[in-house]
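Colleague: One structure follows; several queries about it will come next.
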Amino acid sequence: MTSKQWLIEDFEAGDLPLTSGETLYSARLRYHRIGELNAPKDNLILLPTYYGGAAAGNYPWVGNNSPLDPEHYCIVIPSLLGAGESSSPSNTSGEQGGPDFPAVSLYDNVMLQKRLVEEAFDDAGIALVMGWSMSGMQALQWGCLFPGQVRAVLATCCTARCYPHNRVFLEGVKAALTCDQTYEGGRYRTPPERGLRAFGRVYAGWAYSQTFFRHELWRNQGFNSIEELLDFWEKDHLGQDANDLLTVLDTWQKGDISDNPIFGRDYEAALSAIVMHTRMMPSTTDLYFTEDDAREDGSRMPGATVEPLKSNWGHIAGGAGRESASHDRVLAAARALLSGEAS
């Protein structure tokens, strides 16, 4: 058990040019950190955030006999642009607030994180970039852009781009939210509660697998009925801002690690650049970041091993602290990567 504490800080980036051609004014990157850089400055671990998740959602991966030990590593959780902690529609005033917040890409996020590493952490060597879902997509983006700096990548329940069926799933939850009349094209005067509740209920049906519901595995989360589970998802989304959700959803839908000035949408080239030890860990029952798609991506990464999480928990399996068996397997993979093991 570590005595170290999480610190929450802001990196003020000034006006940030985006791949869309727009500029995000007075961009701010919120990050959580624990532990210190060592003398060689090669013990940095990055844990980007996932869709709908605050930085604290990654805390269960750290400490408590985890290989992500702040006594030995400097661990940083950078928050996605648009998600409510870093610059976002909900916390930006003036002409870029609300629905007028500019579109941001995976590349924009990772290049801002790169600046954070350069300016706040002396451009330290990165022992591991690790993430689940959208954070795994960012980890893979780091791997292809900076193979000389990143020693290992661990990506759970994700792919290197948003595949077509994944985009269609996201169109469904988007429609559930924006069909609320009070949404008013993002210029709502009060939160569009009906839309947020619908968004949460629809999402719940995709986040878990059919077997999860058939075998009533929701009981393992402390729920007494499916309705209690759905109520939880409703309340969770009522606590989020609709424009934030849609901004990051757009980043996800357009997510492609080759869609940037470096690779020019050459997907094969981007995957081929991931030469460091990499572990792809798809859930065997994920309904939108499918095992087949993850295997296809992993087969084209020279440094990758694909190790599926055999789980009935669907997409949720790969998240920090969500399902104990998968959580333990993810941390075992992290331990192997940090020790330099390829598989």
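Colleague: From ALA332, ALA325, ALA336, which residue is surrounded by 15 or more Cβ atoms within 10 Å (Cβ to Cβ) and modelled with pLDDT of 95 or more?
Modeller: Values: ALA332 fails: surrounded by 15 or more Cβ atoms within 10 Å (Cβ to Cβ); ALA325 fails: surrounded by 15 or more Cβ atoms within 10 Å (Cβ to Cβ).
The match here is ALA336.
Colleague: Shifting gears a bit: Taking only the stretch 272-323 into account, find how many residues are assigned to a strand (DSSP E or B) and in contact with a Phe, Trp or Tyr (Cβ under 6 Å, 6 or more places away or on another chain).
Modeller: Result for the stretch 272-323: 0.
Colleague: Let me ask something else. Is it true that some residue in the stretch 259-273 is touching a residue at least 24 places away in the same chain (Cβ under 8 Å) and under 13 Å from CYS158 (Cβ atoms)?
Modeller: no
Colleague: On to the next question. I need a count of the residues in the stretch 107-163 that are within 15 Å of the chain's Cα centre (by Cα), among the small types (Gly, Ala, Ser) and not in a strand (DSSP E or B).
Modeller: 6
Colleague: Determine the pairs where a residue that is touching a residue at least 40 places away in the same chain (Cβ under 8 Å), located within the stretch 314-343, has a partner that is surrounded by fewer than 20 Cβ atoms within 10 Å (Cβ to Cβ) and of a type in the set (Phe, Trp, Tyr) with Cβ atoms under 9 Å apart, the partner being 6 or more residues away or on another chain.
Modeller: Taking only residues 6 or more apart or on different chains, the pairs are GLY314/TRP206; HIS315/TRP206; ALA320/TYR59; GLY321/TYR59.
Colleague: Just to be sure before I move on: is TYR188 among the aromatic types (Phe, Trp, Tyr), touching a Ser or Thr at 6+ places or on another chain (Cβ under 9 Å) and either farther than 20 Å from ASN166 by Cα or in contact (Cβ under 8 Å) with a residue 12 or more places away in the chain (or both) in the structure I sent? So that I can check it myself, show each step before the final result.
Modeller: On the way: among the aromatic types (Phe, Trp, Tyr): yes; touching a Ser or Thr at 6+ places or on another chain (Cβ under 9 Å): yes; either farther than 20 Å from ASN166 by Cα or in contact (Cβ under 8 Å) with a residue 12 or more places away in the chain (or both): yes.
Criteria met by TYR188.
Colleague: Still on this structure: Looking only at the stretch 239-287, which residues are crowded, with 17+ Cβ neighbours inside 10 Å, among the charged types (D, E, K, R) and under 29 Å from GLU341 (Cβ atoms)?
Modeller: ARG279, ASP286 - these are the residues of the stretch 239-287 that are crowded, with 17+ Cβ neighbours inside 10 Å, among the charged types (D, E, K, R) and under 29 Å from GLU341 (Cβ atoms).
Colleague: Still on this model: Of all residues in the stretch 86-105, count the ones that are part of a loop (DSSP other than H, G, I, E, B), out of contact with any Leu (no Cβ under 9 Å at 6 or more places or on another chain) and crowded, with 16+ Cβ neighbours inside 10 Å.
Modeller: As a first pass, look at the stretch 86-105 and keep what is part of a loop (DSSP other than H, G, I, E, B): 86-88, 92-93, 97, 101-105.
With out of contact with any Leu (no Cβ under 9 Å at 6 or more places or on another chain) added as a condition, the list becomes 93, 97.
Subset that is crowded, with 16+ Cβ neighbours inside 10 Å: none.
Going through the stretch 86-105 one residue at a time, the tally reaches 0.
Colleague: Go through the residues of the stretch 144-156 one by one and say whether even a single one is among the charged types (D, E, K, R), more than 27 Å from HIS72 (Cβ to Cβ) and modelled with pLDDT of 95 or more.
Modeller: no
Colleague: Scan the stretch 213-264 for residues that are out of contact with any Cys (no Cβ under 9 Å at 6 or more places or on another chain), assigned to a loop (DSSP other than H, G, I, E, B), of a type outside the set (S, T, N, Q) and farther than 20 Å from LEU287 by Cβ and jot them down.
Modeller: GLY222, GLY239, ASP241, ASP259, PRO261, GLY264
Colleague: Here are the criteria: (1) under 27 Å from GLN240 (Cβ atoms); (2) modelled with pLDDT of 95 or more. Tell me which single one GLY52 does not satisfy.
Modeller: Every condition holds for GLY52 apart from (2).
Colleague: Restricting to the stretch 190-209, name every residue that is closer than 25 Å to GLU323 by Cα and not hydrophobic (A, V, I, L, M, F, W, C).
Modeller: ARG197, GLY200, ARG201, TYR203, GLY205, TYR208, SER209
Colleague: Could I ask something else about it? Taking the conditions exactly as written (among the aromatic types (Phe, Trp, Tyr) and either exposed (fewer than 14 other Cβ atoms within 10 Å of the Cβ) or not in a helix (DSSP H, G or I) (or both)), does PHE169 satisfy them or not?
Modeller: On the way: among the aromatic types (Phe, Trp, Tyr): yes; either exposed (fewer than 14 other Cβ atoms within 10 Å of the Cβ) or not in a helix (DSSP H, G or I) (or both): no.
Criteria not met by PHE169.
Colleague: Checking the structure you have, find out if any residue of the stretch 3-16 is more than 23 Å from ILE126 (Cα to Cα), in contact (Cβ under 8 Å) with a residue 60 or more places away in the chain, touching a strand residue (DSSP E or B) at 6+ places or on another chain (Cβ under 6 Å) and not basic (Lys, Arg).
Modeller: yes
Colleague: Let me ask something else about it. Let me spell it out: the conditions are (1) free of Cβ contacts under 8 Å to residues at least 24 places away in the same chain; (2) touching a helix residue (DSSP H, G or I) at 6+ places or on another chain (Cβ under 7 Å), and PRO164 meets all of them except one. Which number is the exception?
Modeller: Exception for PRO164: condition (2).
Colleague: Right, next: From ARG214, ARG197, ARG219, grab the single residue that is within 23 Å of GLY57 (Cβ to Cβ), surrounded by fewer than 19 Cβ atoms within 10 Å (Cβ to Cβ) and at pLDDT 95 or above.
Modeller: ARG219
The values are calculated or read from the model by the stated rules, or taken from the named source; none is laboratory data. None of these values were measured; they are calculated from a predicted model. Quick reminder, even Gly has a Cβ in these numbers, built from the backbone with ideal geometry, and neighbours come from all protein chains shown.
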